[in-house]
Structures are given as structure tokens and as C-alpha cells.
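So the structure is just underneath, and the comments pick up after that.
The values are calculated or read from the model by the stated rules, or taken from the named source; none is laboratory data. Predicted, not measured: the structure shown is a model, and the values here were computed from it. Cβ placement follows ideal geometry from the backbone for every residue including glycine, while neighbour counts extend to all protein chains displayed.
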Amino acid sequence: MDFFSLIKSRRSIRIYEPWTVEPEKLYQILEAINAAPSAGNLQAYDVVVVRDQDRKQQLAAAAWDQTFIAQAPLVLVFCANPGRSAERYKRRGAELYCIQDAAIAAAYAQLAATALDLASVWVGSFETEKVCEALGATAEFVPVTIMPIGYPAESPPPSTRRPLIDLVHEERLDD
């Protein structure tokens, strides 16, 4: 599948088959994450791989009882690392660049999962403190997204998108 078809085929999936994600597929996703661009190539984020059922249930509870998180065979949690980015970029690094880095890495994970016939969904609605507690993470890490991954057990239609004319604005130069 070419890259543009891959992008168009990605869906947010919340129902998963009970099958385990093969270690080699997880490794490929992690390699894609590691290849993601980041501010100053600092990779100011960390990824926690969660397979333990109790921990997945804690994450689901932290995400306002989004139970599909616990039903996925695998969950990745992307955490920004503000201190890592602040060393070089000060306040902007700590408040923005590390969040962007984690978000870009998560997007790469979603595309890699899709390329491997897996599915995912971006979960951004959660209680930060409860996610940190579930992960045993210190305050230096800021959860950005919880990403369940598995084989899809649903096939939703494409979401409607804004027309490009409403989305894209081209700068105009006056003569």
C-alpha cells in the first residue's frame, strides 16, 4: 500500500480482536516511533508499553472509564519529558516542544500500526495524575496520549473531513 492510501485507510478503532500483537510487529512500531522527528533531535518523550491487564484497567479508569483501553491487547502511553527539552530550549521546550515530540511519535506509531494491519485510537481524555499513578511515573513525565493497539474487530467508514478550501489558507502578497 502506498503512503497516501495508508493515511486514508487509518481509522480510530475501539473494538479489538483478542489476539496478541506479535513481538516483531511491536518492534516495528517502536522502530517507527524512534524514527520520528523531534525538536533538536532530543526525542523529549518516553513510551511505556503496557500489556498487564490490571494496569490496562487502571488506564481505562484514568481515562474516564473508556473500557476499550483495557480490552486492547497492547497499550502504548506516550509521555512528554519536559526536562529533556528544557535543557536546550528552556521554557518553550518544556511547555511545547516535548508535547509536539510525543505527538509526532504517536502519529508515527498509528501509521506504523496501520501498515502492519493493526489498529489504534488516540485517547487524549484522561486524568493525568491517575495515568502517572497507573504507570508508576514520576512527575517529570507528562502523559500526552494513551494508545490502545490491536487487530481491529470493527470497520468503521471514513470520518468526514473539512474541505481543503476551509482548512488551508494561502498567504496572499499584495502587489
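For the range 109-126, taking the residues that are hydroxyl-bearing (Ser, Thr, Tyr) and surrounded by 19 or more Cβ atoms within 10 Å (Cβ to Cβ), the one that is farthest from Gln71 (Cα to Cα) is identified as Thr114. The numbered conditions (1) in a helix (DSSP H, G or I); (2) within 30 Å of Ser9 (Cβ to Cβ); (3) at pLDDT 95 or above are all true for Glu95 except (2). Looking at the range 78-99, can you tell me whether even one residue there is within 14 Å of Ile29 (Cβ to Cβ), crowded, with 18+ Cβ neighbours inside 10 Å and either among the hydrophobic types (A, V, I, L, M, F, W, C) or in contact with a Gly (Cβ under 9 Å, 6 or more places away or on another chain) (or both)? Yes - at least one qualifying residue is present in the range 78-99.
Among the residues making up the range 57-77, those that are surrounded by 22 or more Cβ atoms within 10 Å (Cβ to Cβ) and in contact (Cβ under 8 Å) with a residue 60 or more places away in the chain are Leu59, Ala62, Ala63, Ile69, Ala72, Val75, Leu76, Val77. Among the residues making up the range 16-43, those that are among the β-branched types (Val, Ile, Thr) and crowded, with 16+ Cβ neighbours inside 10 Å are Val21, Ile29, Ile33. Of all residues in the range 31-78, those satisfying the criterion of being on the phi > 0 side of the Ramachandran plot and assigned to a helix (DSSP H, G or I) are Gly40, Asn41.
Within the range 111-125, residues that are closer than 20 Å to Ala63 by Cβ have Cβ atoms under 8 Å from residues that are part of a loop (DSSP other than H, G, I, E, B) and basic (Lys, Arg) in these pairs: Ala119/Arg11; Val121/Arg14, counting only partners at least 6 apart in sequence or on another chain.
Find the residue count for the range 17-29, including only residues that are without any contact (Cβ under 8 Å) to a residue 24 or more places away in the chain and in a helix (DSSP H, G or I). Steps first, answer last, please.
First, pick out the residues of the range 17-29 that are without any contact (Cβ under 8 Å) to a residue 24 or more places away in the chain: 22-24, 27.
Now restrict to residues that are in a helix (DSSP H, G or I): 23-24, 27.
Within the range 17-29, residues that are without any contact (Cβ under 8 Å) to a residue 24 or more places away in the chain and in a helix (DSSP H, G or I) number 3.
Would you check if Phe141 is touching a strand residue (DSSP E or B) at 6+ places or on another chain (Cβ under 7 Å) and modelled with pLDDT under 95?
Taking the combined requirement at face value, the residue satisfies it.
Within the range 1-33, the set of residues being over 14 Å from Pro148 (Cα atoms), within 18 Å of the chain's Cα centre (by Cα) and among the small types (Gly, Ala, Ser) comprises Ser9, Ala32. Got at least one residue in the range 120-133 being closer than 26 Å to Glu17 by Cα, not hydroxyl-bearing (Ser, Thr, Tyr) and not in a loop (DSSP other than H, G, I, E, B)? Checked the range 120-133: at least one residue is closer than 26 Å to Glu17 by Cα, not hydroxyl-bearing (Ser, Thr, Tyr) and not in a loop (DSSP other than H, G, I, E, B).
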